[in-house]
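Novice: Please read through the structure below; I'll follow up with questions.
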Amino acid sequence: MDKENHVKDPENQRIIDRMKEEIDCALGSDTWNKITSDNCPNGDMDNQQLSVAMWSLLEKFDQLADSKTAKRVFSEVKHALKHSDFEWTREMFLQYNDIDRFAEAVLNDSMEHLQRCVEYNELFYDQPIDKEALEYARSIETLFYGKRFGNKIIATAIPYRLIDFLKTEDIRMKRYYMCHCQFARESIISEKTVSKTMCYCSLGHTKVFWEAALDTKLEGDVLHSALGGDLLCQFVIYLPDEIMEKYVKR
């Protein structure tokens, strides 16, 4: 379906390697080999092949791991990102020393980027943006890395193909255009959808952003996901009391 479906992505192998590392660490050193013996994902696969391999892998993984372990494992995969990839967030955060002001600034920067893409007919990362898409993005106050509500940060992902997401009335296709995951997106329009356990990896992306900004370990959860049947992907990050006391200006 996706025109980029057959483009090899050199980052995929790094993510797969991280999956193997985290799964074997949590469930035993030979677990990966056992659950991928019939179809092991690799970086040379296109998105369709990756979705089939991940469906098979997660069907077995979900039988071995309880929900707490599954969340911990895939939250640590976090798109193969490291805290050092987000050093800029800590530097930017310290300019404000305030969660709310920082979150507002991050959102404003992203919205300005979207605005420039519309004005100059440029891609927002790898997707086109038009005026309707921009207005939709502006209507979501928790977009990208989120906004604080009490002791929680709620973060909502922008659809992977926002223009197509807005145009289609088909629910399954909306979920397809919502999903960013190259390991699972194609499965949404196939007979076997990849387990929503995979969505903890995207939670990890949001979590590592805030962990880097606040310089502390955090917990979170998946609230909604396209793989889980929803029309949005949304995450929650829980803020410890000491972080609230230090970085929330009442």
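The values are calculated or read from the model by the stated rules, or taken from the named source; none is laboratory data. The structure displayed is predicted, hence computed values, not measured ones. Cβ atoms come from the backbone with ideal geometry, glycine included; neighbour counts cover every protein chain shown.
Novice: Could you list, in sequence order, the residues of segment 154-197 that are surrounded by 20 or more Cβ atoms within 10 Å (Cβ to Cβ), over 28 Å from residue 68 (Cα atoms) and hydrophobic (A, V, I, L, M, F, W, C)?
Specialist: Those that are surrounded by 20 or more Cβ atoms within 10 Å (Cβ to Cβ), over 28 Å from residue 68 (Cα atoms) and hydrophobic (A, V, I, L, M, F, W, C): 162, 165.
Novice: All but one of (1) charged (D, E, K, R); (2) closer than 23 Å to residue 80 by Cα; (3) in contact with a His (Cβ under 6 Å, 6 or more places away or on another chain) hold for residue 161; which doesn't?
Specialist: Among (1) charged (D, E, K, R); (2) closer than 23 Å to residue 80 by Cα; (3) in contact with a His (Cβ under 6 Å, 6 or more places away or on another chain), the lone unmet condition for residue 161 is (3).
Novice: Is it the case that segment 222-237 has a residue that's in a helix (DSSP H, G or I) and surrounded by 15 or more Cβ atoms within 10 Å (Cβ to Cβ)?
Specialist: No; the residues of segment 222-237 include none that is in a helix (DSSP H, G or I) and surrounded by 15 or more Cβ atoms within 10 Å (Cβ to Cβ).
Novice: Residues in segment 198-213: is at least one surrounded by fewer than 17 Cβ atoms within 10 Å (Cβ to Cβ) and not aliphatic (A, V, I, L, M)?
Specialist: No, because not a single residue in segment 198-213 is surrounded by fewer than 17 Cβ atoms within 10 Å (Cβ to Cβ) and not aliphatic (A, V, I, L, M).
Novice: Is there any pair linking a residue in segment 62-75 that is within 10 Å of residue 23 (Cα to Cα) to one that is of a type in the set (S, T, N, Q), with Cβ under 8 Å and at least six apart or on different chains, and which?
Specialist: Hits for this filter: 70/197; 74/197.
Novice: Among what's in segment 106-135 and is of a type in the set (Phe, Trp, Tyr) and either farther than 17 Å from residue 159 by Cα or touching a helix residue (DSSP H, G or I) at 6+ places or on another chain (Cβ under 7 Å) (or both), pick the residue that is surrounded by the most Cβ atoms within 10 Å (Cβ to Cβ).
Specialist: Applying the filter and picking the extreme gives 124.
Novice: Of (1) farther than 21 Å from residue 193 by Cα; (2) surrounded by fewer than 20 Cβ atoms within 10 Å (Cβ to Cβ); (3) small (Gly, Ala, Ser), residue 67 satisfies all except one. Which?
Specialist: Of everything listed in (1) farther than 21 Å from residue 193 by Cα; (2) surrounded by fewer than 20 Cβ atoms within 10 Å (Cβ to Cβ); (3) small (Gly, Ala, Ser), residue 67 misses just condition (1).
Novice: Can you tell me how many residues in segment 171-204 are of a type outside the set (A, V, I, L, M, F, W, C) and within 9 Å of the chain's Cα centre (by Cα)?
Specialist: Of segment 171-204, the ones of a type outside the set (A, V, I, L, M, F, W, C) are 172, 174-177, 180, 182, 185-187, 190-193, 195-197, 200, 202, 204.
Now drop any that are not within 9 Å of the chain's Cα centre (by Cα), which leaves 180, 200, 202, 204.
Count: 4.
Novice: I'm trying to understand the selection: among the residues of segment 202-241, which are acidic (Asp, Glu) and touching a residue at least 24 places away in the same chain (Cβ under 8 Å)?
Specialist: If the condition is that a residue be acidic (Asp, Glu) and touching a residue at least 24 places away in the same chain (Cβ under 8 Å), then 211, 215, 221, 230, 241 are the ones that fit.
Novice: Under 8 Å between Cβ atoms, at least 6 apart or on separate chains: pull out the pairs that start in segment 118-138 with a residue that is modelled with pLDDT of 95 or more and end on any residue that is in a strand (DSSP E or B) and surrounded by 13 or more Cβ atoms within 10 Å (Cβ to Cβ).
Specialist: 137/143
Novice: So which residues in segment 184-198 are assigned to a helix (DSSP H, G or I) and free of Cβ contacts under 8 Å to residues at least 40 places away in the same chain?
Specialist: If the condition is that a residue be assigned to a helix (DSSP H, G or I) and free of Cβ contacts under 8 Å to residues at least 40 places away in the same chain, then 188, 196 are the ones that fit.
Condition check ((1) surrounded by 15 or more Cβ atoms within 10 Å (Cβ to Cβ); (2) at pLDDT below 95) across all residues:
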| position | (1), (2) |
| --- | --- |
| 33 | no, no |
| 43 | yes, yes |
| 49 | yes, no |
| 53 | yes, no |
